[in-house]
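Read the figures in this text as sums done on the coordinates, not as results from a lab. Computed from a predicted model, the values in this text were never measured in an experiment. Here the Cβ is made from the backbone with ideal geometry for all residues, glycine too, and neighbour counts use every protein chain on show.
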Amino acid sequence: SSMGNHDNDLQWFFKFRPPHMSSFPGVQASDLDPAMRTLLEKFDTTIKGEAGEVQSGHLTELLQYPWFYSVDAGPMHIIELQSEDNGINAYEAWEGGEIDLARWNSRFGRGGSAQFAWLNRDLARVDRSKTPWLIAFTHRPPIHNSVHHPSCSRGGDWYKCKFREEYGMLFEQHNVDLVFNGHSHHYSRTHPIALQDQAEKVLKGVKGGPVYLIVGTGGFKLSDGFAGRKEWMAFATGRSFGYGMLHIRDAAAAEWYFRDSATNQKIDSTVFTHDGMPRGKQPEKVNLPTPAPIVPTHTSVPTKAPTPSPTPLPTPPPTEPANPLVVGLGLDAAKYQTVSQVVLSPGAKASEVYVLFTAEGLSVRRKDKKCSLASGDRPFIVRWREQDSKAMMSQTAAAFQGCVVSRDSGKFAWFFFATPLSSLSPGKSYVYAIGQEGEKAGEPFVGNFSAVPTDPRQLEILALGDTGREGREQVLSAIAARGALPTAMIHVGDHSYATASSSECRNNDGPECAYDCAQSKSDCKGREFETDERFEIWKRYFELLSPISSRVPLMTTMGNHDNDLIYYYKFRPPLLTSGRNVAENQLAPDVRKTVKQLCDKLQGAPTGKQAAAMHEILREPLFFSVDLGGAHIVSIQTEDNSINPHEAATDVGPLLEAQQKRFDTHFGPRSPQYKWLEADLKAVDREKTPWLVLFTHRPLFHASLDHPSCSVTGDWFKCELRKLYMPLFEEHGVNLVLLGHSHQYSRSQPLKLVPGTNGTQVQRSTQGAPVYAIVGTGGAGPDIGYAYEPKWTAARNDTAFGVASIRPQTTLALAWEFSAVHNGALEVLDFAVLQRGGVCEPIGEPVLLGAPAVNKTVP
């Protein structure tokens, strides 16, 4: 143990720092400060029997001098250092200006302290052939970025950056591997780093540099919040009490993981290496040495020499047992190249997750332009089991959804599959594998995920949309690198923009671009095929998305650019068959009929015929809901034209009769979507799921200059969606509505419609009305500029790419955070606490967000 700033009484002293030299392993009496030796001797001879007040007075004198030692433990040389020199004032901090340099040098510094001089000698005499791992620990962290008391700040270090500057350099000089710290009540792990320019700058990824780990997560109130994402930080979280475990594999590799103590789930893990390999990276496979034989401590002396045993054959090196998940799984090399594009999706029950994946086939002959499963094809199998247990493995055969061949060359032939993984336990981690049984060629896909926890405080949902090509690589890469993955993710529509550049139906109101022309007209654009270019765009999109979506369940809705077969097969069919709180008789009859037709008759048809049927299906909105922890999540749809993503209202007055009829059919009070939504919201049990979150693509209102609400380019149906659906949200207490389409970020104040204004006016509310957030910031080119200054906006930004985070804190408070991508990492741009119900004071004027974080509590 090391002394912390709150370890300053006799109970701690007698339990953890006994006053005699035997408590200083690796330390000679001559290594100690002379004043400390005198105080130790005095305590041992005369003070121990005195009254507590006398002992305490002597203790405060003694605690001015650091306590340090080192021990060898197997392959580790472990060093304890002290960062405290005040046993009286646990809250002492420098008040700005210059530090007391004389005090620093006498207690800790290289200018005369016993601790620094001893450490230099101790590090120099370490025999790395016997103890290859060199580990140090102390209380105060030399480097971190907690907002509670960041490094070199008044609350962070009594001596500013001096500890980092002088001890950090010594750690690097002697190749210290790991440095453990506390003080900040969070967990974090840095990359291997080196200090530069008198500790003012930090270099990450340095070969041989120490890794700094903060494990101040033993039970005191957590510090959840960081002063920006630092490039030297590999992982950080302030949301879990927990502990770390270091397992030394051999002289070159050590496994590390950090567990959440409430769930016992691993939330961070890595392999530290050295001897020529950069730390924090997975090394080449290392065979562990064969354990030495156990020798009894007491043996009888034989009366005669034993008969010599024959010389044993050399023992082969141990091999890792084969992963049972992948035994016997491969791919049919005559038909498939790889399994890819893996997406998880919540099932109808909390104990179920759907796996959607693509088997990329070999190129087909150009004249065929179609694909199908042959009767003799081996099925694709998905196996899964708990990650850290020996529980029985489960497996299921995946259902074939359909396949599509690229139009231009036949270069791409993609086969789509989906299947549920069932009987999952809340919060447990699982691994799964996808492949064909009995095939030896190719590699099966192996992934992992965690089932949704029951405790709503462990829930985090990320939300984004409009992942256009301009910035989606920045956003998705930053999410994948953020450390702890969320519980689930919401995408509010417009995924790949593979059809965004299509001009066939841009500003074209002719019959060939009508939303219902798919089957009735031979020249209908609903018969367009998939081109090589579209496949290339989707392929790159899934290369960015799958590292997240193969581990985090994804929910989505259709955007106006989600209008091709690849989108359909990846994101829509399983939702119709998985229930998702939707009964079959609640769907439009035409949808049921056409889905069955597409599945039964058109799976092997050319893409033109498949696309015609698909566009007919996509005229009808898709809707569903799921329960995730303490949240009821609802998805509804604002699109009914997948043929023309650029369709817009063309008149300035009320909707034309044909448009009104179309709206009433697909979205109106008698439509399947509206009737289902009304019933679903009524059935929500707010005791079990106190938070009610809804998402869709088009915003019910916003102020973007590009396509503001109720404008010609903003909504196909003017203000009709707002007029009809907002009162339903208000009646049933929807807390948060997530939206896209506009490539901006905005968060409204709690809003209600103004009665009698025909949906054209809204007002701030103090009675728990919904907050509307636009998160169309996933990468599409920003919609810069505003058409007007809305009074109902709480915060907004029209330039940032980023993602929102939703975390229930209690049944009455929900943490909202929007983070923008900056230098490859996510930095908080807007933070608020949304309160459920009750009367709260409304906040002030709208905030135009820039680079700094904005923190507000919102009613």
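One table, with the values for the structure above:
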read-out	value
For the stretch 379-484, diffusion coefficient by Stokes-Einstein and Kirkwood Rh (Cα), 37 °C, 0.692 mPa s, µm²/s	191
Residue-count net charge about Glu536 - beta-carbon cut-off 14 Å; Lys, Arg +1, Asp, Glu -1	-1
Which listed pairs, of Lys675/Lys752; Lys390/Lys570; Lys593/Lys661; Lys570/Lys661, have C-alpha distances above 29 Å, in listed order	Lys390/Lys570; Lys570/Lys661
Summed residue charge, Cβ within 14 Å of Gly785's Cβ, Lys/Arg positive, Asp/Glu negative	-3
For Ser422, net neighbour charge (Lys/Arg +1, Asp/Glu -1) across residues whose Cβ lies under 15 Å away	+3
FRET efficiency, 1/(1 + (r/R0)^6) with R0 60 Å, evaluated for Arg37 and Ser351 via beta carbons	0.40
Cα centroid separation - the stretch 471-517 against the stretch 620-694, whole Å	19
Distance from the stretch 243-275 to the stretch 525-576 (C-alpha centre basis), Å	36
Reciprocal mean inverse distance between Cα atoms of the stretch 477-566 - Kirkwood radius, Å	15.2
